Amino acid sequence: MNKTFYITTPIYYPSGKLHIGNSYTTVLCDTIARYKKLRGYDTWYLTGMDEHGQKIETVAKENNMLPINHVDMIAESTKELWKNLKISYDDFIRTTEPRHESVVEKIFEKLLAQDDIYLGEYEGYYCIPCESFFTETQLDENHTCPDCGRTTEIVKEESYFLRLGKYQERLLQFIEENQDFITPETRKNEVISFIKQGLNDLSVSRTSFEWGVKVPSNNKHVIYVWVDALSNYISALGYNTDHDELFNKYWQKDGVLHVVGKDILRFHAIYWPIMLMALDIDINFKLYAHGWYLTKQGKMSKSMGQVVYPTPLIEKYNLDSVRYFLLKELPYGGDGIFTPEDFIGRINYDLANDFGNLLNRTISMVNKYHNGLVSKPNKTFTEYDIQLKEKISCTVENYKQNMDAIKISNAISEVWSLISRTNKYIDETAPWVLSKDESCDEELMNVMYNLVESLRIIGILLTPILIESSQKLFDQLNIDENLQTFDKISFGELVKTNVINKPVPLFPRLDKEVEEKFVLDLISTRETKVENTEDYIDIEEFKKIKLVVGEIIECKIHPNADKLLVTKIDTKDKVRQIVSGIAKNYTPEQLIGKKVVVVSNLKPVELRGVLSEGMILAGKNKKNLEVLEVTTLKKGDVIS
Ligand code: MSP
């Protein structure tokens with residue numbers, strides 16, 4: 001049976017559109033997952049969204065939306081982003097899904113029943129954006145959050161606590177005995193010294209807001225968002241349910257990798273293993289904490305002036321340029337900076353010049369000198385051949401070591417050093433000279449074969465990284481599918497091939513100045529504002545929204561979300577189905593027969609697996625939510 005490998009990203013907060021920072025983690029995990037598959041592992045890749053908590057409740061309110069509608073919207077746009085980045089995830093978990101919530105409830109109640117969680121009272125400083133409590137001693141004199149620098153608030157409330165102190169020594173011992181539990185080493189050391197300062201019991205419930213999983217035995221309390229979120233790694237596998245096959249299969253010792261950013265290391269290196277110990281589940285995972293992508297201004301944020309979103313870059317410069325940059329530019333464990341100059345530079349130098357050009361030159365020469373055909377020679381001709389083959393086997397070894405250690409940027413450097421070596425081999429062997437002498441024909445064929453074979457191996461190494469270009473390389477060289485795999489990576493596996501007649505450039509060379517300016521405009525968030533008009537829309541924008549009267553003819557509770565209602569609405573031109581987050585305010589019976597106002601040209605979306613073709617207008621204040629009803633207008637009447 002194949003060895004298993006389970007890899008996870010953190011689950012993302014749906015507080016806004018995801019940028020290249022969060023996308024980095026997902027692309028990194030995608031690359032590792034693809035690599036492990038190539039190496040023969042039975043792989044499971046999980047990502048998802050962390051949708052509960054006060055922060056999300058507040059953001060939804062600011063956008064005049066119900067939290068569920070807000071998170072549905074961001075979940076859709078996140079899935080769209082992963083599609084654009086060709087992320088090969090196997091499952092996408094959302095913490096608002098019943099399959100997750102029920103597991104969180106069971107985990108909490110189990111820990112409560114065995115006294116690892118107890119009821120007490122909390123007074124402390126709370127940072128809403130980070131969803132974290134701090135004690136006075138952890139803060140400076142201004143009481144700003146040590147993680148994000150924003151102001152904290154004093155909160156006093158009844159709270160449940162998780163006994164961290166009880167597990168402190170066991171955790172330290174575990175880290176000592178499992179030296180590669182946390183990488184890089186510096187991060188491990190940070191964790192150890194944090195634990196050694198002493199772990200206070202952790203407040204794991206809130207009573208100040210609603211949006212979360214309620215403690216089943218005490219509905220006043222919402223389960224702390226980090227306990228909720230961390231549980232996703234096992235709830236998604238069906239832990240503690242009747243369908244726990246994935247859990248049994250993939251939760252294997254050293255077969256689990258959680259990839260996280262440095263800012264959320266503590267939650268994963270301390271709270272999560274302690275939760276597992278208390279649940280009597282083996283700590284089978286390893287943790288890799290990566291650094292951050294910054295811009296020249298510092299942290300990526302709208303207020304700082306620059307945010308980089310992947311989709312427009314992919315649309316303009318293609319997927320592999322973006323994946324390459326992300327994976328190459330962040331050094332192991334350290335931070336990286338996104339600049340337009342480096343982004344365009346990497347495309348021009350690394351991708352177009354070094355890599356693309358090697359393929360181009362090779363295909364052109366094979367056509368020119370041998371009508372596109374190469375076949376395996378039966379001897380070695382020069383010292384250069386020997387050096388090239390040695391370089392290949394050494395590159396493959398170093399690449400594997402780096403990929404296994406999640407040093408992806410280093411693995412890429414290894415491949416590029418082979419690309420340079422192969423380019424140099426062309427200059428050393430000078431095929432244009434050999435072609436002038438008929439007696440060198442065999443030697444010329446040998447050079448062509450070595451180039452194609454070297455490129456085939458480069459293609460295999462790049463498969464998890466440049467997912468489109470590696471395929472284009474195989475297509476242009478006409479490499480059989482069974483020679484594109486890792487078990488055929490040794491030099492000499494190719495017997496013969498017939499390359500395409502005319503090479504197609506993989507990456508066009510870009511005009512440096514024009515494109516740098518284009519990228520800079522794309523990532524700049526500061527706009528020139530005309531005083532007092534930024535909140536206005538013009539009449540043409542308003543006219544785009546088509547409002548029509550519809551009669552609700554059918555209504556039921558959403559099969560997968562009890563906060564949603566699924567209505568059938570007759571707008572005369574058709575009967576449309578609309579999903580709305582109004583189940584708290586209306587029963588299905590109360591809605592049937594009502595004439596309401598419908599946005600009829602809203603892009604259809606699937607909400608929790610059910611198609612929604614529009615939106616019902618509703619108004620709300622702190623107490624009520626009310627759908628807008630009309631009295632004398634009839635279904636199909638247009639509102640303008
Ligand atoms: N919801 C929590 C994670 C819960 S996991 C059980 C969370 N979400 S997040 O959306 O704020 O961040 C998700 C990941 O994105 C984190 O690993 C974080 O480090 C990463 N990044 C956010 N901004 C980043 C950069 N600018 N650069 C690199 N990674 C960044 O935390």
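The values are calculated or read from the model by the stated rules, or taken from the named source; none is laboratory data. For clarity, every value in this text was computed on a predicted model and none was experimentally measured. In this analysis, Cβ positions are derived from the backbone assuming ideal geometry, glycine residues included, and neighbour counts consider all displayed protein chains. Ligands, DNA and RNA are excluded from the accessible area calculation, which covers all protein heavy atoms including side chains. Shrake-Rupley method; radii C 1.70, N 1.55, O 1.52, S 1.80 Å.
A simple spin-label model places the labels of Lys436 and Gln577 7.4 nm from each other, with each point 7 Å out along Cα-to-Cβ.
Taking 18 Å as the cut-off, the amide N atoms of the stretch 329-368 that come nearer than this to a point 7 Å along the Cα-to-beta-carbon line of Asn478 belong to 359-368.
Sorting the Cα pairs of the stretch 545-639 by distance into bins of 5 Å, from 0 upward, gives 3, 15, 27, 27, 20, 8, 1, 0 percent per bin.
When the chain is fully extended, how far beyond the present Cα-Cα distance does Asp354 get from Lys603, taking 0.36 nm per residue of separation?
85.3 nm is the gain from fully extending Asp354 to Lys603.
Sorted into 10 angstrom bins from 0, the C-alpha pair distances of the stretch 4-290 split as 6, 28, 38, 24, 4, 0 percent. Placing unit charges on the Cβ atoms of the charged side chains and taking the dipole of the chain about its Cα centre, the candidate lying farthest along the positive direction among Ile412, His100, Ala229 is His100. Sorted on the mean count of surrounding Cβ atoms within 10 Å across their residues, most packed first, peptides 576-586, 544-554 read 576-586, 544-554. The fraction of accessible area contributed by carbon and sulfur in the stretch 303-392 is 46 percent, rounded to a whole number (1.4 Å probe; ligands and nucleic acids excluded). The slack between Asp242 and Val630, meaning 0.36 nm per residue of separation minus the straight C-alpha distance, is 134.9 nm. Placing pseudo-labels 7 Å out from each Cα toward the beta carbon at Lys424 and Thr137 gives an inter-label distance of 5.7 nm.
Average accessible surface for the chain: 46 Å² per residue, computed with a 1.4 Å probe over protein heavy atoms with every protein chain in place. Phi-derived couplings, Karplus 6.51 cos²θ - 1.76 cosθ + 1.60 at θ = phi - 60°, listed residue by residue for the stretch 238-252: x, 4, 6, 10, 6, 10, 9, 4, 5, 4, 5, 7, 9, 8, 10 Hz, with x used for Gly and Pro. Taken over the stretch 51-184, lysine pairs spaced eight or more positions apart, or on distinct chains, with alpha carbons under 25 Å apart number 8.
By DSSP, what percent of the beta bridges with both residues in the chain are antiparallel, rounded to the nearest 5?
70 percent
Convex hull volume of the Cα atoms of the stretch 416-572, normalised per residue: 331 Å³. Gain on full extension, evaluated as 0.36 nm per residue between Leu611 and Ser193 minus their Cα-Cα distance, stands at 145.4 nm. The convex hull built on the alpha-carbon positions of the chain has an orientation-averaged projected area of 34.8 nm². A simple packing score, the average count of other Cβ atoms within 10 Å per residue, orders the peptides 491-504, 78-91 as 78-91, 491-504, with the highest score first. Take the solvent-accessible surface of the protein heavy atoms, probe 1.4 Å, and return the percent of it on the stretch 4-290 that carbon and sulfur atoms account for. It is 46 percent, rounded to a whole number. Counting protein heavy atoms only, the stretch 545-639 has 54 percent of its accessible area on carbon and sulfur, 1.4 angstrom probe.
Arranged from highest to lowest average of other beta-carbon atoms within 10 Å per residue, in what order do the peptides 173-185, 452-464, 206-218 appear?
Descending packing order for the listed peptides: 452-464, 206-218, 173-185.
Here's the list of lysines a cross-link from Lys253 could span, going by alpha-carbon distance under 22 Å and ignoring same-chain residues fewer than 8 apart: Lys3, Lys36, Lys37, Lys188, Lys286, Lys400, Lys407. If both residues of a DSSP beta bridge must be in the stretch 4-290, then about 50% of such bridges are antiparallel. Using the Stokes-Einstein relation with a Kirkwood hydrodynamic radius computed over Cα pairs, the translational diffusion coefficient of the stretch 357-498 at 4 °C and a viscosity of 1.567 mPa s comes to 85 µm²/s.
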